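Have a look at the structure below before the remarks.
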Amino acid sequence: MTARLAVVDDEATVRKRLGEAFARSGYVVEPFPDAESFLARSALAPFDVVLLDMRLPGMDGLEALKRLKKQGVETEVILVTGHGGLETAIEAIKCGAYHFVTKPAKLAEIRSLVKGACDKVGIGRENRQLRQALREESGLESMIGASSAMREVFELIRKIAPVGCNVLVEGASGTGKALVARAIHRLSLRRDQAFVSFNCGGFTEELISSELFGYEKGAFTGAAATRLGLLESAGGGTVFLDEIGEMPLAMQVRLLHVIQERQILRVGGTRPIDLDIRIIAATNRDLKQEVAKGLFREDLYYRLNVVGIQLPRLAERQEDVPLLARHFMDKYSLLFHKAVAAVSPQALQILLSYGFPGNVRELENIVERAVALCDCETLSVADLPRDLQQMDFASVESERLESLEEIERSHIARVLERTGRNKGLAAQILAIPRTTLWRKLKQFKLD
């Protein structure tokens, strides 16, 4: 791949000399007389390396360097100045410059620096491509974790994915049940077919019926045309049924029939339709207890739970917090065009000490917010939510450590208080269905 080089200098002779020299060496060179025009071009088509003069009309080189890094691009910067100084050089390196040279510099020296910077960009690009290729090959590219608990989950996913049996994924909200379902599908023999998901929570029986099974023309008022249901449209692929514990009992009977007979009947239809699908169901409830209470059919439970996967809470795999924080930091740095590259030790210590009642989803929300607010290359304590900033680590050992249930109750109560007990808004912040929030309010006697 041909390297792209920008030359930013207010002297036309310098731009011409360097441009011609590097063009002869095979570089694609673009000259710029000022920082503003260079930054505008870089935002549209980033360069591999830039030779950036320190003293420019308008914005100087150091400020241009800072703004370039905020764009989140992978450009390496070589600052060039006729007025060198140790303090300036140190500041440039701190701001992310690859190197700092003083005029008059020999062309051979500049060539060597540009080659080194290009090599660094190329190695970084190759490493990212290799990591991505390895993740995609494994089918687990969207799942992050090195803890023993997650390694067991990954191994189980690899074992059951090609088998084709139904799977029940159990875990608290925010632990990544949908990611597990997609990973199983990507590693399965059905990977080239449809992956269809449906959340069973918060819908009426009639709506679930029409969404899953479809309907014939004229089946009810407003059914102006035949419509395929999600189960039928996923033919040959995988259906992910989230919040399966929320499904009404009458619908559980119909789903059981689908699994047993491998056929569906559209609403208003008379002809059974053959079905070839794999079902992956997920729940944050204890379905065994729901079965004991008569709230979930035992026969359906065993049809779904051919193989069960239990996802750990984030508090049970704290060693994964730094990995996840780094992953989300990279994700949102790219999305927000930021150059955030690290988490300060103090901020990381707070994250490691926090219980995360909202699990991975809450950590992602915290890091997303922090990256949005961050003004430099390192996430600091000041970028974290205020309640986390106020955590007192000195008293942790002397205080009674709360159970996960107590932490969850406290967190829900705090969100309710801050939203003025607006349950719709609270459910949105907690990232759970309103039906789940209503159940937890009953469970924790917060209603």
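The values are calculated or read from the model by the stated rules, or taken from the named source; none is laboratory data. Every value quoted in this text rests on a predicted model; they were computed, and no experiment measured them. Note: ideal-geometry Cβ built from the backbone for every residue, glycine included; neighbour counts use all protein chains shown.
I'm told Leu287 meets every condition in (1) surrounded by 13 or more Cβ atoms within 10 Å (Cβ to Cβ); (2) aliphatic (A, V, I, L, M); (3) within 16 Å of the chain's Cα centre (by Cα) except one. Can you identify the failing condition by its number?
The one condition Leu287 does not meet is (3).
Here's the yes/no breakdown for (1) touching a Ser or Thr at 6+ places or on another chain (Cβ under 6 Å); (2) touching a residue at least 40 places away in the same chain (Cβ under 8 Å); (3) not small (Gly, Ala, Ser):
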| residue | (1), (2), (3) |
| --- | --- |
| Arg317 | yes, yes, yes |
| Pro322 | no, no, yes |
| Phe328 | no, yes, yes |
| Ser333 | no, yes, no |
| Gly355 | no, yes, no |
| Gly358 | no, yes, no |
| Glu362 | no, yes, yes |
| Glu368 | no, yes, yes |
| Glu377 | no, yes, yes |
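Given the criteria under 21 Å from Phe296 (Cα atoms), in a loop (DSSP other than H, G, I, E, B) and not hydroxyl-bearing (Ser, Thr, Tyr), does Gly245 qualify? Show your work before the answer.
Working: under 21 Å from Phe296 (Cα atoms): yes; in a loop (DSSP other than H, G, I, E, B): no; not hydroxyl-bearing (Ser, Thr, Tyr): yes.
Taking the combined requirement at face value, the residue does not satisfy it.
With the requirement that a residue be part of a loop (DSSP other than H, G, I, E, B), out of contact with any strand residue (DSSP E or B) (no Cβ under 6 Å at 6 or more places or on another chain) and of a type in the set (Val, Ile, Thr), what does the stretch 253-300 give you?
Thr270
Please specify each residue of the stretch 7-28 satisfying the condition of being under 16 Å from Arg55 (Cα atoms) and either among the acidic types (Asp, Glu) or crowded, with 19+ Cβ neighbours inside 10 Å (or both).
Within the stretch 7-28, Val7, Val8, Asp9, Asp10, Glu11, Arg15 meet the criteria.
Looking only at residues that are aliphatic (A, V, I, L, M), under 15 Å from Glu243 (Cβ atoms) and not in a helix (DSSP H, G or I) in the stretch 159-195, which one is modelled with the lowest pLDDT?
Ala172
Would you please name the residue that is surrounded by the fewest Cβ atoms within 10 Å (Cβ to Cβ), looking only at residues in the stretch 188-209 that are farther than 25 Å from Gly222 by Cβ and in contact with a Ser or Thr (Cβ under 8 Å, 6 or more places away or on another chain)?
Ala194
Answer yes or no as to whether Leu231 is farther than 21 Å from Glu170 by Cα and buried (at least 22 other Cβ atoms within 10 Å of the Cβ).
On the way: farther than 21 Å from Glu170 by Cα: yes; buried (at least 22 other Cβ atoms within 10 Å of the Cβ): yes.
Considered against the rule, which asks whether it is farther than 21 Å from Glu170 by Cα and buried (at least 22 other Cβ atoms within 10 Å of the Cβ), Leu231 comes out as yes.
Would you check if there is a residue in the stretch 186-197 being under 26 Å from the mean Cα position of the chain (by Cα) and among the β-branched types (Val, Ile, Thr)?
Looking through the stretch 186-197, at least one residue is under 26 Å from the mean Cα position of the chain (by Cα) and among the β-branched types (Val, Ile, Thr).
Does any residue of the stretch 91-113 turn out to be modelled with pLDDT of 90 or more, in contact with a strand residue (DSSP E or B) (Cβ under 6 Å, 6 or more places away or on another chain) and of a type in the set (A, V, I, L, M)?
Yes, the stretch 91-113 contains a residue that is modelled with pLDDT of 90 or more, in contact with a strand residue (DSSP E or B) (Cβ under 6 Å, 6 or more places away or on another chain) and of a type in the set (A, V, I, L, M).
Residues that are among the hydroxyl-bearing types (Ser, Thr, Tyr): which helices (runs of 4 or more DSSP H) entirely in the stretch 25-119 hold 1 or more of them?
Working: elements: 35-44, 61-70, 86-94.
Passing ranges, in order: 35-44, 86-94.
Test Glu408 against the stated conditions and say whether it is in contact with a Lys or Arg (Cβ under 9 Å, 6 or more places away or on another chain) and modelled with pLDDT under 90.
Against the criterion (in contact with a Lys or Arg (Cβ under 9 Å, 6 or more places away or on another chain) and modelled with pLDDT under 90), Glu408 qualifies.
For the stretch 334-370: of the residues being among the basic types (Lys, Arg) and assigned to a helix (DSSP H, G or I), which is farthest from Arg67 (Cα to Cα)?
This residue is Arg361.
Of all residues being of a type in the set (A, V, I, L, M, F, W, C) and within 16 Å of Glu20 (Cβ to Cβ) in the stretch 98-114, which is nearest to the chain's Cα centre (by Cα)? Just the residue, please.
Val114
Kindly list, by first and then second residue, each pair from a residue in the stretch 422-443 that is surrounded by fewer than 18 Cβ atoms within 10 Å (Cβ to Cβ) to a residue that is among the polar types (S, T, N, Q), limited to pairs with Cβ atoms under 6 Å and residues at least 6 apart or on different chains.
Between residues of the stretch 422-443 that are surrounded by fewer than 18 Cβ atoms within 10 Å (Cβ to Cβ) and residues that are among the polar types (S, T, N, Q), the close pairs are Leu425/Thr419.
If Met150 satisfies all but one of (1) over 30 Å from Ala325 (Cα atoms); (2) modelled with pLDDT of 90 or more, what's the number of the condition it fails?
(1)
Considering only the stretch 269-304, state which residues are closer than 18 Å to Gly201 by Cα and among the hydrophobic types (A, V, I, L, M, F, W, C).
Residues satisfying the conditions are Ile279, Ile280, Ala281, Ala282, Leu287, Val291, Leu295, Phe296, Leu300, Leu304.
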